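The values are calculated or read from the model by the stated rules, or taken from the named source; none is laboratory data. Owing to the predicted nature of the structure, the values given are computational and were not obtained by experimental measurement. Note: ideal-geometry Cβ built from the backbone for every residue, glycine included; neighbour counts use all protein chains shown. Heavy atoms of the whole protein, side chains included, go into the accessibility calculation; ligands, DNA and RNA do not. Shrake-Rupley method; radii C 1.70, N 1.55, O 1.52, S 1.80 Å.
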Amino acid sequence: MKFICGLVVVFLIMLPNAVAYDPLDPTGNITIKWDVVSWTADGYVAAVTMSNFQMYRSIVSPGWTLGWQWAKKEVIWSMVGAQTTEQGDCSKFKGNVPHCCMRKPIVVDLLPGVPYNQQFSNCCRGGIVSAWGQDPAGSVSAFQVSVGLAGTSNKTVKLPMNFTLLGPGLGYTCGPAKIVPSTVYLTPDHRRKTQALMTWNVTCTYSQFLASRNPSCCVSFSSFYNQTITPCPKCACGCQNKNNCVVSDSKQSHKAGINTPRKDNAPLLQCTHHMCPIRVHWHVKLNYKDYWRVKIAITNFNYRMNYTQWTLVAQHPNLNSVTQVFSFDYKPLVPYEAINDTGMFFGMKFYNDLLMEAGPQGNVQSEVLLRKNKDTFTFKHGWAFPRKVYFNGDECLLPPPDTYPFLPNSARVHRGVISKMVVPALLFLLII
């Protein structure tokens, strides 16, 4: 009995770390690099760079929040490209007053449009950081910090501790700071190399288990060969908001200010049986001799949230033969070189890269044309539906396999029957 209890304790300790491993993005993480670029009379100036190496998980509005604990009694004299949320008690300082005197400072990015003298490279986007696989240029955020009452050499500097990262909510766990080889820089003419005086890294990984106990999205299915529409499971994302939801097309749904977000990012959902902020619908639309066609629709049911630079990841064995994607951008994800069954869909810039709040404009959709692999292709046993679906990096809840639209016993399907099956599926995309 003691042995079993011991195994349970070990399992509970290891669970958050185990869930942080994403099999579709095994090397994904956010790395925070501190480069000491100069020493000062009582400390140092460091360039802090946050790099998002996750293929399909971005940091959306209201952006990242970074925190840590000083090892000694350090203060922040000044910052460029970011700011702390509180100054703290700096009453013991005469003359020059530090930017922040807190033992555990909390730092946020500056908003776009700040004066030029407050900007730093890759700063001032309101904390929004793109996924590496979607936009490498936008996957970096940086700021400069001047630290006082600290060490003034490689031997006397004490590394900050207990790093925390909100992106923008919970889910990230950061490891300890580790000294690494100093970063090497190239001069603008690329003829000379310089390097940081000291460099340390902090690695943060994401766990959906830590972010929320419930999924944040669900998946529904339909097909041309069966009138059955498989909806999202009931209470797929938990029904804790069931008593505070808004009925579609009610007076409340058109009330002024309904789309105004709250500081705590609390959602205001449209009343549905699944109570998810996001629903992904996968419709097997057409069957050709050498190809088959799928329609994908993403619907937002949150009145207080729009999604900029959203991403959708699907796992299906036939994604190794994508011929054309009509209204989304597409990028294959190959975490394991021998397997090509995963792809990332995302919106076209300035066209549909913004998924609006719940309402008539709160959806985006596209169609995908795939070439058949005659050795594996079939409509039987739900083969045409995805194995996994992720929205903005969080795995969506799929319906139970025994509820998938099944292939009728008759091999021949009349056109009239097909039209009767397509119409309900299209109507389903427009209603709950």
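Below are the figures for this structure:
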read-out: Residue match in segment 169-177 (condition: touching a strand residue (DSSP E or B) at 6+ places or on another chain (Cβ under 6 Å), open to solvent by 70 Å² or more (accessible area, probe 1.4 Å) and either without any contact (Cβ under 8 Å) to a residue 24 or more places away in the chain or under 25 Å from Ser207 (Cα atoms) (or both)); value: no
read-out: Contacts under 7 angstrom Cβ, first residue in segment 350-371 being among the basic types (Lys, Arg), partner open to solvent by less than 40 Å² (accessible area, probe 1.4 Å), 6 or more apart; value: Arg371/Ser321
read-out: Lys295 among the charged types (D, E, K, R) and open to solvent by 50 Å² or more (accessible area, probe 1.4 Å); value: no
read-out: Among the candidates Val108, Val147, residue that is part of a strand (DSSP E or B) and crowded, with 21+ Cβ neighbours inside 10 Å; value: Val147
read-out: Positions within segment 178-213 being open to solvent by 40 Å² or more (accessible area, probe 1.4 Å) and within 21 Å of the chain's Cα centre (by Cα), in sequence order; value: Thr203, Thr205, Gln208, Phe209, Leu210, Ser212, Arg213
read-out: Residue pairs meeting the criteria (Cβ under 6 Å; at least 6 apart or on separate chains; first in contact (Cβ under 8 Å) with a residue 24 or more places away in the chain and part of a strand (DSSP E or B), in segment 304-322; second open to solvent by 40 Å² or more (accessible area, probe 1.4 Å) and basic (Lys, Arg)); value: Gln315/Arg387; Gln315/Lys388
read-out: Criterion: at pLDDT 95 or above and open to solvent by 30 Å² or more (accessible area, probe 1.4 Å) - qualifying residue of Asn300, Asn363, Asn320; value: Asn363
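Here is a yes/no grid of residues against (1) out of contact with any Cys (no Cβ under 6 Å at 6 or more places or on another chain); (2) more than 20 Å from Trp77 (Cα to Cα); (3) at pLDDT below 95:
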{"residue": "Pro112", "(1), (2), (3)": "no, yes, no"}
{"residue": "Phe120", "(1), (2), (3)": "yes, no, no"}
{"residue": "Cys124", "(1), (2), (3)": "yes, no, no"}
{"residue": "Ser141", "(1), (2), (3)": "yes, yes, no"}
{"residue": "Ser146", "(1), (2), (3)": "yes, no, no"}
{"residue": "Gly151", "(1), (2), (3)": "yes, no, yes"}
{"residue": "Val157", "(1), (2), (3)": "yes, no, no"}
{"residue": "Met161", "(1), (2), (3)": "yes, no, no"}
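Quick grid of which residues meet (1) modelled with pLDDT under 85; (2) open to solvent by 50 Å² or more (accessible area, probe 1.4 Å); (3) at negative phi; (4) part of a strand (DSSP E or B):
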position	(1), (2), (3), (4)
Ile4	yes, yes, yes, no
Leu15	yes, no, yes, no
Asp22	no, no, yes, no
Asp25	no, no, yes, no
Val45	no, no, yes, yes
Ser51	no, no, yes, yes
Ser61	no, yes, yes, no
